[in-house]
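Asks: So that we are looking at the same thing, I have put the structure below in structure tokens.
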Amino acid sequence: MKHRYKLSCAIACALSVGGLLAAGEDPAEKPAAAAAAASPEVEALRKMLLDQQRQIDELRRQLAGAPVHESSGEVASTSAIVPPVSRPAAPSSPSPSASSSPSPSAASSASPAAQGPENVSAPLSLKIGDAYVTPVGFMDMTLVSRSTNPGSGIGTNFGSIPYGNTQAGSLSETRLSIQNSRIGARVDASYRGAKILGYWESDFLGQLGNPPNGGLAVTSNPYVFRMRLYWVDVRKNKFEFLAGQTWSLMTPNRYGLSPLPGDLFYSQDIDVNYQLGLVWGRIPEYRFVFHPTEKFAFGVALSNSEPYVGGANGGSAIVAPACCSSLLGTQVNNGASVISAAAMAPDIIVKAAFDPSRKFHLEVAGVEIANKIANPSTTPAFQTFSNVGAGGSVNLNFALAKNLRVLTNNYWSDGGGRYIFGQAPDFVIRSNGALSNVHSGSTVSGLEVTAGKTLFYGYYGGVYIGKNLGLDANGKTPIGYGPISSDGQNRLIQEITFGTNTTIWRDAKWGALNFMLQYSYLQRNPWLAAAGAPTSAHADMGFFNFRYTLPGAPPNVEH
């Protein structure tokens, strides 16, 4: 670079002097003027020109054979090299609240010249080597108001909203938070015909959504930075492989089997726990996907498992037998263990998706879950018991008319309640330590309508949890899940939601501003209500959100 700088300076100087000489009068026409030009100043200029020509020749010899850098920038440069990108084909129903990142196959490979006036740039993309790094994320300012006080922060723990005859049920709450703000990046590259996509996303909902201690919440609100997603996806021809923490393959897709947030359905809700009844998880996973055609995809995943008996995210927990109560929170997850329960094997998930066009998506998915515990009270001690649970879902979304999309996502399980946001236990424990699965099911169905710059949506979500009862070894004490303790274990939870998402302003270079509203009515019914006690708990919830989304779009990366 030093030599190039000298060469550039020399050439510029030579051109300047040449220009001065060219601007003079023609000596052939005016000999007198030519003779007068032979002054000491002109002679000095001529000598300087000859000296600079020698320097230029020397620099040329030094640069002979040196590698030539293309205009795209030097290797490992952090300059803001802006690759031209095209707008991916938009689905019939937009997803403003989701990430704007399209699926790996969505970006057009058309040349910039062919893209015309629709061609836009990704101002925040950096070209580092042969890869493009694009920041993703947004700033959220959220207000939530509830008619009761569930004490769960800006996310709603659906299964534990308080009853009206309790202190928490007599109090309302209104709070402000920036916790749902997100930051991350995606990396796009290609190698030997394979398309490589890395994705990272974090927010500030760590420590169960609350600051580290109550004292700090009074003053500085130092919300904990949390990892949401971190994975790499490699696709070559018809085959695709993913590894990392991702949205579970059981999470409904809007299109194909893409892991990108913009291709998934997790509702348009402002509530950071989304819509009741949604089947989802952000779980470490290995995923293999086969794309025989552009319209069909089949995937298999090995997903991190967790032996679960309820108690997390407001879900009701089982009543354990005396022999195995010491296992809860340690060897079995009841909402208190910290990824320490002894998972027997990864969950096995299979999923097939059919997309004849962007107007129609159908998918069928299934999961197998294996669990095992050791009973410390048996003779000989620590006799083991195992079982296998399963769940399946059928999900559909289609454009009923222009800008009107219908969605329905339905799930039923025999031992797979963990995937319904933990609202149902996977199994109960018998008096001898044997495991028995709990039946549970859920649905999220609704409409999304786009009118001008506003998206309107309405959903119904429901969760049903079956009973599975038994008696402890004394033959008297009821154990399991169902009508055991008053108001303690849920039978049915329902949520009705309406909301809007209005784009106030959007520009590819500067980002977007969105204004969002959500209203939800939530109700839960227990298996057993005490005499004179309410037979249900309910809450009215309102959300207001202002969002600034970072600008930019992923680049076109050629295979």
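The values are calculated or read from the model by the stated rules, or taken from the named source; none is laboratory data. This structure is a prediction, so every number in the text was calculated from the model and none was measured. Backbone-built Cβ (ideal geometry, glycine too); neighbour counts: all protein chains shown.
Asks: Take the range 395-433 and flag every residue that is among the basic types (Lys, Arg) and under 30 Å from Ser357 (Cα atoms).
Replies: In the first step, residues of the range 395-433 are kept if they are among the basic types (Lys, Arg); the result is 402, 405, 418, 430.
Result: Lys402, Arg405.
Asks: May I pose another question? State all residues of the range 539-559 that are modelled with pLDDT under 95 and more than 16 Å from Thr134 (Cα to Cα); if no residue qualifies, say none.
Replies: Glu558, His559
Asks: Are there any strands (runs of 3 or more DSSP E) wholly within the range 196-305 with 3 or more residues that are within 26 Å of Phe515 (Cα to Cα), and if so which? Write out each step before concluding.
Replies: On the way: elements: 226-236, 239-247, 282-293, 296-303.
By residue number, 226-236.
Asks: When you scan the range 352-360, do you find a residue that is closer than 20 Å to Trp412 by Cβ and either at pLDDT 95 or above or not in a loop (DSSP other than H, G, I, E, B) (or both), even just one? Please lay out each step first, then the result.
Replies: Start the filter on the range 352-360 by keeping residues that are closer than 20 Å to Trp412 by Cβ, which leaves 352-353.
The next check asks that each one be either at pLDDT 95 or above or not in a loop (DSSP other than H, G, I, E, B) (or both); those that pass are 352-353.
Yes, there is a match, as at least one residue in the range 352-360 is closer than 20 Å to Trp412 by Cβ and either at pLDDT 95 or above or not in a loop (DSSP other than H, G, I, E, B) (or both).
Asks: Another one. Checking the condition in contact (Cβ under 8 Å) with a residue 12 or more places away in the chain, under 24 Å from Gly488 (Cβ atoms) and either touching a helix residue (DSSP H, G or I) at 6+ places or on another chain (Cβ under 9 Å) or not charged (D, E, K, R) (or both), which residue from Thr166, Thr148 passes?
Replies: Going through Thr166, Thr148 in turn, the sole match is Thr148.
Asks: Let me ask you something else. Could you tell me whether the range 464-471 includes any residue that is among the charged types (D, E, K, R), in contact (Cβ under 8 Å) with a residue 24 or more places away in the chain and farther than 30 Å from Gly542 by Cα?
Replies: Within the range 464-471, the first condition is being among the charged types (D, E, K, R), and the residues that meet it are 467.
From what is left, the residues that are in contact (Cβ under 8 Å) with a residue 24 or more places away in the chain are 467.
Those still in the list that are farther than 30 Å from Gly542 by Cα too: 467.
Yes, because at least one residue in the range 464-471 is among the charged types (D, E, K, R), in contact (Cβ under 8 Å) with a residue 24 or more places away in the chain and farther than 30 Å from Gly542 by Cα.
Asks: Looking at (1) farther than 29 Å from Arg175 by Cα; (2) at pLDDT below 90, can you tell me which one Asn221 breaks?
Replies: Every condition holds for Asn221 apart from (1).
Asks: With respect to Ile183, is the statement that it is closer than 30 Å to Gly488 by Cβ, surrounded by 15 or more Cβ atoms within 10 Å (Cβ to Cβ) and in contact (Cβ under 8 Å) with a residue 40 or more places away in the chain true?
Replies: On the way: closer than 30 Å to Gly488 by Cβ: no; surrounded by 15 or more Cβ atoms within 10 Å (Cβ to Cβ): yes; in contact (Cβ under 8 Å) with a residue 40 or more places away in the chain: yes.
No, not satisfied.
Asks: Answer yes if at least one residue in the range 472-489 is within 30 Å of Gln268 (Cα to Cα), surrounded by 18 or more Cβ atoms within 10 Å (Cβ to Cβ) and without any contact (Cβ under 8 Å) to a residue 60 or more places away in the chain, and no otherwise.
Replies: Taking the range 472-489 and keeping what is within 30 Å of Gln268 (Cα to Cα), we get 489.
If we keep only those that are surrounded by 18 or more Cβ atoms within 10 Å (Cβ to Cβ) too, we end up with 489.
Next cut, without any contact (Cβ under 8 Å) to a residue 60 or more places away in the chain only: none.
No, the range 472-489 has no match at all.
Asks: Can you go through Gly256, Gly262, Gly277 and tell me which one is at pLDDT below 95 and either out of contact with any Phe, Trp or Tyr (no Cβ under 8 Å at 6 or more places or on another chain) or surrounded by 24 or more Cβ atoms within 10 Å (Cβ to Cβ) (or both)? Write out each step before concluding.
Replies: Details: Gly256 fails: at pLDDT below 95; Gly277 fails: at pLDDT below 95.
So the residue among Gly256, Gly262, Gly277 that is at pLDDT below 95 and either out of contact with any Phe, Trp or Tyr (no Cβ under 8 Å at 6 or more places or on another chain) or surrounded by 24 or more Cβ atoms within 10 Å (Cβ to Cβ) (or both) is Gly262.
Asks: Scan the range 261-279 for residues that are of a type in the set (A, V, I, L, M, F, W, C) and in contact with a Ser or Thr (Cβ under 7 Å, 6 or more places away or on another chain) and jot them down.
Replies: To start, the set of residues in the range 261-279 that are of a type in the set (A, V, I, L, M, F, W, C) comprises 264-265, 270, 272, 276, 278-279.
Across the range 261-279, the qualifying residues are Leu264, Ile270, Leu278, Val279.
Asks: Report, by residue number, each residue of the range 483-541 that is on the phi > 0 side of the Ramachandran plot and in a strand (DSSP E or B).
Replies: Taking the range 483-541 and keeping what is on the phi > 0 side of the Ramachandran plot, we get 487, 511, 532.
Result: Gly511, single match.
Asks: Kindly provide the set of residues from the range 123-159 that are modelled with pLDDT of 90 or more, β-branched (Val, Ile, Thr) and part of a strand (DSSP E or B), ordered by number. Walk me through how you get there before you give the answer.
Replies: Of the residues in the range 123-159, the ones modelled with pLDDT of 90 or more are 131-149, 154-159.
Subset that is β-branched (Val, Ile, Thr): 133-134, 136, 142, 144, 148, 154, 156.
Selection gives Val133, Thr134, Val136, Thr142, Val144.
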